[in-house]
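The values are calculated or read from the model by the stated rules, or taken from the named source; none is laboratory data. Note that the structure is a prediction, hence the values are computed from the model and not measured. No Cβ is skipped: glycine too gets one built from the backbone with ideal geometry, and neighbour counts run over all protein chains shown.
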Amino acid sequence: MQTQSGALLRLAAEIGDELGNLQRVVAEGADLLPHLAAEPPASIHLRAAGSVIHDFCCGAESVLRRVGQDLNGGLPEGADWHRQLLTDMALEIPGLRPAVVSASLRDELDELRAFRHVFRNVYGFALKPARVRDLLGRLPEIFEQLRAELSAFAAMLRAAVKAAS
């Protein structure tokens, strides 16, 4: 059986691991961005950019799901659970945990979540080039904010373990 300290340290390590994966996704997006400058961009580039945004959103959500499962005692339910998870992660829960992400980052991630829904439900050729370009161009900034906030949260987890020992 894993101790509470072990679970917190594992979660902190998983956050770091996922941030490394997200950094690779952001680098892929940066390589792809110049290909979206053409008007209109080639469909294959638009689809690839949508996939990068999708991957980033899924990776960020994966970390937040782990926090929800490990610290909140479970995940939201219902059709809007993805949105509710973001809302939950921006809430401080006194006696349980601080907010995992800021309200501004929650809003950025929610915008990516909304795009992911569109990406999954329309043909690639129907994607709006300006929207894809905008989101892909903002990924590095969103990632830096996510990295800072999740790294601070992981440091808090490690500090809590150290204080308890």
Inset, instruction - Give the residue that is surrounded by the fewest Cβ atoms within 10 Å (Cβ to Cβ), with candidates limited to residues of the range 132-163 that are in contact with a Pro (Cβ under 9 Å, 6 or more places away or on another chain) and within 14 Å of His45 (Cα to Cα). - result: Arg133
Inset, instruction - Output the qualifying pairs, or none if there are none: Cβ atoms under 9 angstrom, residues six or more apart or on different chains, first residue in the range 143-165 and free of Cβ contacts under 8 Å to residues at least 60 places away in the same chain and under 24 Å from His54 (Cα atoms), second residue assigned to a helix (DSSP H, G or I) and of a type in the set (S, T, N, Q). - result: Gln145/Ser104
Inset, instruction - Go over the candidates Pro94, Pro129 one by one and state the one that is of a type outside the set (A, V, I, L, M) and either at pLDDT below 95 or surrounded by fewer than 15 Cβ atoms within 10 Å (Cβ to Cβ) (or both). - result: Pro94
Legend entry - Residue in the range 113-126 that is surrounded by the most Cβ atoms within 10 Å (Cβ to Cβ), counting only those that are within 22 Å of the chain's Cα centre (by Cα) and among the aromatic types (Phe, Trp, Tyr): Phe115
Legend entry - Enumeration of residues in the range 3-21 that are closer than 17 Å to Ala152 by Cβ and charged (D, E, K, R): Glu14, Asp17, Glu18
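For (1) more than 17 Å from the chain's Cα centre (by Cα); (2) closer than 18 Å to Arg147 by Cα; (3) among the hydrophobic types (A, V, I, L, M, F, W, C), each residue gets a yes or a no:
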{"position": "Ala49", "(1), (2), (3)": "no, no, yes"}
{"position": "Val52", "(1), (2), (3)": "no, yes, yes"}
{"position": "Cys57", "(1), (2), (3)": "no, yes, yes"}
{"position": "Ser62", "(1), (2), (3)": "no, yes, no"}
{"position": "Leu75", "(1), (2), (3)": "no, no, yes"}
{"position": "Gly78", "(1), (2), (3)": "yes, no, no"}
{"position": "Leu86", "(1), (2), (3)": "no, yes, yes"}
{"position": "Glu92", "(1), (2), (3)": "yes, no, no"}
Legend entry - Condition broken by Arg106, with the remaining ones in (1) under 19 Å from Ile15 (Cα atoms); (2) in contact (Cβ under 8 Å) with a residue 24 or more places away in the chain satisfied: (2)
Inset, instruction - Could you check Leu109 against (1) in contact with a Leu (Cβ under 8 Å, 6 or more places away or on another chain); (2) farther than 15 Å from Glu149 by Cα and say which number it fails? - result: (2)
Inset, instruction - Report whether or not Gly16 is touching a helix residue (DSSP H, G or I) at 6+ places or on another chain (Cβ under 9 Å), surrounded by 19 or more Cβ atoms within 10 Å (Cβ to Cβ) and part of a helix (DSSP H, G or I). - result: no
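Quick one: count up the residues across the range 25-81 that are more than 29 Å from Ala13 (Cα to Cα) and part of a loop (DSSP other than H, G, I, E, B). Show your work before the answer.
Filtering the range 25-81 down to residues more than 29 Å from Ala13 (Cα to Cα) leaves 32-48, 78-79.
Next, from what is left, pick out any that are part of a loop (DSSP other than H, G, I, E, B): 37-42, 78-79.
Final tally of qualifying residues: 8.
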Inset, instruction - Check whether at least one residue in the range 73-85 is surrounded by fewer than 16 Cβ atoms within 10 Å (Cβ to Cβ), farther than 30 Å from Ser5 by Cβ, in contact (Cβ under 8 Å) with a residue 60 or more places away in the chain and not hydroxyl-bearing (Ser, Thr, Tyr), and report yes or no. - result: no
